[in-house]
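The values are calculated or read from the model by the stated rules, or taken from the named source; none is laboratory data. Given the structure is predicted, the values throughout are model-derived calculations rather than measurements. Cβ sites come from the backbone with ideal geometry, for glycine too, and all protein chains shown count toward neighbours. Please note that ligands, DNA and RNA were not included when accessible areas were found on the heavy atoms of the full protein model with its side chains. Shrake-Rupley method; radii C 1.70, N 1.55, O 1.52, S 1.80 Å.
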Amino acid sequence: MRMKRGFSTGFRAGLMAAAALLAFDMVGAPAVAATSGASVATQAVALPPLMPAPSSAQFPAGALPASGGFSVTWDSAPTPMLDRAAARFDARTAILAGGARAGASGAAIPVRVHVGDDPNVLTVQAKEGYTLSVGANGVVLNADGPTGVLRGFATLAQLIRAGASGPELAFATISDAPRFPWRGMMIDTSRHFMSVETVKRQIDAMELVKLNVLHFHLSDGTGFRVESRVLPSLTSKGSHDEYYTQAQLRDLVAYAADRGVRVVPEFDVPGHALAILLARPDLAAQHPVDPNPKNKNNAALDPTVPGTLELIKKLYAEMGAIFPDQYFHAGGDEVSPKQWTTNPKIVAYMHEHGFATPQALQAAFTADVEKILASQGKIMVGWDEVSEAPIPKNVVVEAWRSSKFISSATAEGHPVIVAVGYYLDLLQSAGQHYLVDPYDPSSVGVTREQANKMLAKGGDPVLINAFLNDPPPPPLNDAQKKLVLGGETPLWAELVTDETLDARFWPRSAAIAERFWSPAAVRDVDDMYRRLATVDTELTALGLQSEVNTRRMMARLAPEDPDAVQTLVSAIVPIRNYRLNRYSGAHGDHLDEIAEIASPDPMASIRFNALAARYAAGDHSVAPELRAQLQAWKDNDAAYTKVATSRGLVEAVPVSHDVATLATLGLNALDGNAGASDAGARAVLDSNLAQLALSTDITAAFGAANTPVAGVMIAFAPGVKTLLGK
């Protein structure tokens, strides 16, 4: 197969402007070689903004003009899937290089592809490795299997850069393979239903950053989101008229498979079962079933009645036929013990069968569910609660509450998927997620001191003990490491809608994708942000709607001047660790206020803080840019105050004033008048610094005391502190 498309010689202005945002020293830097992933981190100032960073890469000086596009040839006849992959590569590289233009000059860059055999395509054993050589004679891509072609194409597209005469392809020699075979994202479409188009956008972005598992959470207390023909009442009573047809889901699975992405469904049992119980109230642990409880997550199935397992067998058989992947997620999380211990019949059953605790009863239930799935050719995945009592060793445990479950589950011989440390709905920064390693059983959890504080605030002792990671477990041994399949980025959707999903997943998922793919030594946060700015812009150019949707939300709230909202948003971050959930609940559960618009990683503030550090270290060449940014934030106060009349914006007027105050502090420091600031301004700085420090502490979710105004914090406060020499 051959294809050719002409490129315009000019790059999209927006793409290149954002691509340069954090590339502090890239312009004019000489090319250097990186011999391993570690070198990518230490020498990345002069390297292309690839993400994930390759296992091994060398970047000699030179590039090929890319204005003529690419011509792909195959050593052997490609499959239809590979033909489609080449077509996507052609379309995407045209966009990244500025768009197609009739009559564009320049020869097409030849791309020769060799593909190895892989009988395990679309399994956890799929061959994803590849080598890539870009030189004067063109490109050679050698892939271990068809999936490796997709990964090589993704890297090749990222090698396109701006040159003096137009788009060009950087010379490179790359040998690459993933560190972990399971690199996933979890979309919760139960709490807020997401359209098929929205889900497909995430799959497209997953392919571009080499993520390969879509964990699709389809059933919970708030909704059962799949058409069921075997049990139609699940759809008619549990979906609230928002669900996917089976035809839509089969199309979605095929769409993902084309992009090297497996779809693993989750239908949660025995807890989080309200939507199921609306259809089958006879199977409830508590009667009668309240259709509108205060907490929709609590309702649980009764594991002691035969009808429960009969329902699960029928449901899983039907759903398993829609989702052909070998793995099937059965949930198992957050089963409220009171659902069972306050039911006399269940208590009697426990006594009769020797179950001393609800955990023991759940373990027996889990074993039964595992047998059902095994009989249907599936491997069961469950959240880490399922591992609190003995269960079959082939059950895959997804660790989410504390990193200690990585240790305990692998010690018991269970394969493990790591979600703890990567929960995007905590609204932590990309940098914080980036430093969590799937092999580290001590990285996430609470200390005994933190646990005591949470207990004092009325926290559930059972839940807090699950998060307790003190003393931390020892490092994993080699046998345990072999059981760690990889990790996932969950995004629970209490505060996420179709409109905000893209912005909440991205670009942070790209940073975490690097943690799952690249060598462990690649962990330079500053360099990650340098490359993430470019990758974020590329993902936007290729279809993500983060920017478009965010801009529409701003315009809806301030139609006369959305720019004023955008400038304020560039200076703030939402409060973290579920504090925003509490804030939203106390303010009417509105999902279109400024905290929902604000990003966990505002690039302008990240840039400012990095430049402030350079200035403090003696590089005063960055002073003009620092001054311009501070002046823009200061001047914006009047504009924002004028337009902030809607419910979603008015609460942030004091925040706008504080932004102007901190900007003035920074300007005074640049003028050499740091001591001229009054005590009130310093108090504003200290307050925001304290809130930012608190935001890294998960215990802040317990209790809503001292919640910042409007549910946001000022993100550039650390940079102002640096300029002041504090």
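Identify the chymotrypsin sites (Phe, Trp or Tyr not before Pro) of region 449-525 meeting these criteria: DSSP loop state and at most 12 other C-beta atoms within 10 Å of the C-beta. Write out the running numbers ahead of the final one.
Values: sites: 467, 492, 505, 516, 517; in loops: 492.
Taking region 449-525 and a limit of 12 other Cβ atoms within 10 Å, no loop chymotrypsin sites (Phe, Trp or Tyr not before Pro) are found.
Using the alpha carbon gyration tensor of the chain, what are the three equivalent-ellipsoid semi-axes (square root of 5 times each eigenvalue), largest first, in whole Å? Mind showing how you got there, number by number?
Values: eigenvalues 339, 239, 109 Å².
Taking √(5λ) for each eigenvalue gives 41, 35, 23 Å, largest first.
Give me the accessible area of residue 622, 1.4 Å probe, in Å² rounded to the nearest 10.
10 Å²
On the accessible surface of region 612-700, probed at 1.4 Å, how many percent belong to carbon and sulfur atoms? Before the final figure, lay out each step's value.
Values: 2230 of 3950 Å².
Carbon plus sulfur share of accessible area: 56 percent.
Can you work out the accessible area per residue across region 392-491, with the rest of the protein chains kept in place, probe 1.4 Å, in square angstrom?
38 Å²
Compare 580, 278 by solvent-accessible area with a 1.4 Å probe and give them largest first, with all protein chains kept in place.
Values: 580 5, 278 45 Å².
So the residues, ranked largest to smallest area, are 278, 580.
Measure off 7 Å from each Cα along the Cα-to-Cβ vector at residue 107 and residue 587, then give the distance between these two points in nanometres to one decimal.
6.0 nm
Determine the per residue accessible area of region 603-726 with all protein chains present and a 1.4 angstrom probe, expressed in square angstrom.
Working: 5070 Å² over 124 residues.
Each residue of region 603-726 exposes 41 Å² on average to a 1.4 Å probe.
Pairs of Cα atoms under 8 Å, at least six residues apart: use those to get the relative contact order of region 48-182, whole percent.
Working: 269 pairs, mean separation 48.6, N = 135.
Relative contact order for region 48-182 comes out at 36 percent.
Using a/c under 1.5 as the rounded threshold, could you call region 537-648 rounded, prolate or oblate? The axes a ≥ b ≥ c are square roots of the C-alpha gyration tensor eigenvalues, and prolate needs a/b larger than b/c, oblate otherwise.
On the way: a/c = 1.70, a/b = 1.60, b/c = 1.06.
It comes out prolate by the Cα gyration axes.
If you roll a 1.4 Å probe over region 481-566 with all protein chains in place, what percent of the accessible area is carbon or sulfur? Walk me through the numbers on the way to the answer.
Numbers: 1330 of 2550 Å².
Ligands and nucleic acids excluded, carbon and sulfur give 52 percent.
Under a point-charge model restricted to the Cβ atoms of Lys and Arg (+1) and Asp and Glu (-1), what is the dipole moment magnitude of the chain relative to its Cα centre, in debye to the nearest 20? Don't jump to the answer; show the numbers that get you there.
Numbers: 62 positive and 75 negative charges, 179 e Å.
I would put it at about 860 debye.
Out of all DSSP beta bridges in the chain, what portion is antiparallel? Express it as a percent rounded to 5. Please report the intermediate quantities before stating the final value.
On the way: 30 of 72 bridges.
Expressed as a percentage, antiparallel bridges in the chain total about 40.
Taking a probe of 1.4 Å, how large is the accessible area per residue of region 180-219, in Å²? Each step should come with its number before you reach the end.
Values: 550 Å² over 40 residues.
Per residue, region 180-219 has an accessible area of 14 Å².
Can you tell me, using C-alpha contacts under 8 Å and at least 6 residues apart, the relative contact order of the chain as a whole percent?
Working: 1470 pairs, mean separation 88.7, N = 726.
RCO, the chain: 12 percent.
Using only the alpha carbon atoms of region 432-585, find the Kirkwood hydrodynamic radius as the inverse mean reciprocal pair distance, in angstroms to one decimal. If you can, show how the numbers build up before the last one.
Details: mean 1/r = 0.0533 Å⁻¹.
Evaluated on region 432-585, it is 18.8 Å.
Under a Cβ-only charge scheme (Lys and Arg +1, Asp and Glu -1), can you give me the dipole magnitude of region 311-379 about the Cα centre, in debye to the nearest 20?
Details: 6 positive and 7 negative charges, 38 e Å.
Using only the charged Cβ atoms, the result is roughly 180 debye.
Looking at 548, 427, 244, which one has the Cα that reaches farthest to the positive end of the dipole of the chain (charges on Cβ: Lys, Arg +1; Asp, Glu -1)?
548
Would you list, by chain and number, the aspartates and glutamates whose Cα falls below 18 Å from the Cα of residue 453, excluding same-chain residues fewer than 8 positions away?
The reachable aspartates and glutamates, counting only those whose Cα sits under 18 Å from residue 453, are 470, 697.
Report, ordered by chain and residue number, the lysines lying within cross-link reach of residue 393, taken as a straight Cα distance under 17 Å and ignoring same-chain residues fewer than 8 apart.
Partners found: 371, 378, 481, 482.
Give the residue from 402, 156, 562 lying farthest towards the positive end of the charge dipole for the chain; charges sit on Cβ (+1 for Lys and Arg, -1 for Asp and Glu) and the dipole is referred to the Cα centre.
The one lying farthest along the dipole's positive direction is 156.
Leaving out ligands, DNA and RNA, what percent of the accessible area of region 292-410 is carbon and sulfur, probe 1.4 Å? Don't jump to the answer; show the numbers that get you there.
Numbers: 2630 of 4770 Å².
Answer for region 292-410: carbon and sulfur cover 55 percent of the accessible area.
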